[in-house]
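The values are calculated or read from the model by the stated rules, or taken from the named source; none is laboratory data. Being a predicted model, the structure only gives us computed values, none of them experimental. FYI the Cβ positions are ideal-geometry reconstructions off the backbone, even for glycines, and counts take in every protein chain you see.
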Ligand code: M6R
């Protein structure tokens, strides 16, 4: 049931604020985090966290790496399952191995999990389908509570994965004493606000629909981000290519000068994720480098960021000001909407894009 929407993807984007509220409530319902109480996960003696997944789920892991390292102080390795499983990486019993999968049936992720059984201290999964193979074969399976996701392009599962990962990172922070109580309470308060920010971000939909009609005329696009917005830039590119078939690349904006800038000309839209955080000046200077070469910047920031960036951008999308490491959860909305409306403008099969399956159960 598409619930009155034209596509499942549109419905699933729109319901994010409400399913995220459920996930936040579930994982932050007690001071210690309910997941800690029910699962007995203990990050205090852990040397390393290894996170393995495919596609969008792996980009949730890359985003969470910033949280686990910067907030909880745990060294993190993220890998895509198809590489991890054949690389034979050494895994000690002081490692928690964490697998993220919406379906819980992705063949490479399951094989990577099996590789870690008997090696890692704990096998943890973050899944949407509670009865899945990956959930069953884990020591601890944490639900993302997104409800069924039908569109092949993952949207609400991604943001719910981010919420669960953020809650786990906060739990790890508490257990390791990496932040004092006041700092932890602030971070927890910020995570609680994310469903509201996601609802606010939906108000930019009309504007994004207009931008998408123009974007649909191009053959390529680049997504730029720094810090935890870098994995989100990769996710924006994945989403756009997956459903609109426009060739897109995600790029860490600091890497621009090391190659990708050669691609910039007036045929290149560059979608820039530019929250007003401590790297804002740097991303503005990257935008200027793009504009100086004729590149068309779509700047996604807040109203003040857009004002500070000045003239010369092609389009601007103003989100509410989100002053938190968890900002990628809110910034996911405009990139999902951009991919969605671009695909609609091109007339592609949004929910069932060519050559793709919802669950990749073969290698
Ligand atoms: O079910 P999973 O989360 O394990 O699936 C992983 C990827 O196949 C999936 O995220 C894929 O990249 C999506 N179609 C992206 O929108």
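Please verify whether segment 174-188 includes one or more residues that are free of Cβ contacts under 8 Å to residues at least 40 places away in the same chain, crowded, with 19+ Cβ neighbours inside 10 Å and under 21 Å from the mean Cα position of the chain (by Cα).
no
Within the bounds of segment 262-284, is there any residue that is modelled with pLDDT of 95 or more, surrounded by 23 or more Cβ atoms within 10 Å (Cβ to Cβ), farther than 30 Å from residue 167 by Cβ and within 16 Å of the ligand (Cβ to nearest atom)?
no
Of (1) away from the ligand (no atom under 16 Å from the Cβ); (2) in a helix (DSSP H, G or I); (3) closer than 30 Å to residue 188 by Cα, residue 324 satisfies all except one. Which?
Unmet for residue 324, out of (1) away from the ligand (no atom under 16 Å from the Cβ); (2) in a helix (DSSP H, G or I); (3) closer than 30 Å to residue 188 by Cα: (2).
Name the one entry in 224, 238, 232 that is in contact with a strand residue (DSSP E or B) (Cβ under 6 Å, 6 or more places away or on another chain), in a helix (DSSP H, G or I) and either touching a residue at least 40 places away in the same chain (Cβ under 8 Å) or within 16 Å of the ligand (Cβ to nearest atom) (or both).
Criteria check complete, one pass: 232.
Please enumerate the residues belonging to segment 111-132 that are within 23 Å of the chain's Cα centre (by Cα), buried (at least 19 other Cβ atoms within 10 Å of the Cβ) and either at positive phi or more than 9 Å from the ligand (Cβ to nearest atom) (or both).
112, 113, 123, 124, 125, 126 - these are the residues of segment 111-132 that are within 23 Å of the chain's Cα centre (by Cα), buried (at least 19 other Cβ atoms within 10 Å of the Cβ) and either at positive phi or more than 9 Å from the ligand (Cβ to nearest atom) (or both).
Kindly indicate the residue of segment 68-87 that is more than 17 Å from the chain's Cα centre (by Cα) and free of Cβ contacts under 8 Å to residues at least 12 places away in the same chain and also nearest to the ligand (Cβ to nearest atom) among those meeting that condition.
Step by step, filter segment 68-87, then rank; the result is 83.
Across segment 259-309, what is the total count of residues that are in a strand (DSSP E or B) and within 19 Å of residue 329 (Cβ to Cβ)?
The number of residues fulfilling the criteria is 6.
Condition (residue is farther than 30 Å from residue 106 by Cβ, more than 16 Å from the ligand (Cβ to nearest atom) and free of Cβ contacts under 8 Å to residues at least 12 places away in the same chain) applied to segment 328-350: is it met by at least one residue?
No, the conditions are met nowhere in segment 328-350.
Residue by residue through segment 134-158, note down the ones that are part of a helix (DSSP H, G or I) and within 12 Å of the ligand (Cβ to nearest atom).
134, 135, 156, 157, 158
Name every residue in segment 71-82 that is touching a strand residue (DSSP E or B) at 6+ places or on another chain (Cβ under 9 Å) and outside any loop (DSSP other than H, G, I, E, B), in order of residue number.
Across segment 71-82, the qualifying residues are 76, 77, 78, 79, 80, 81.
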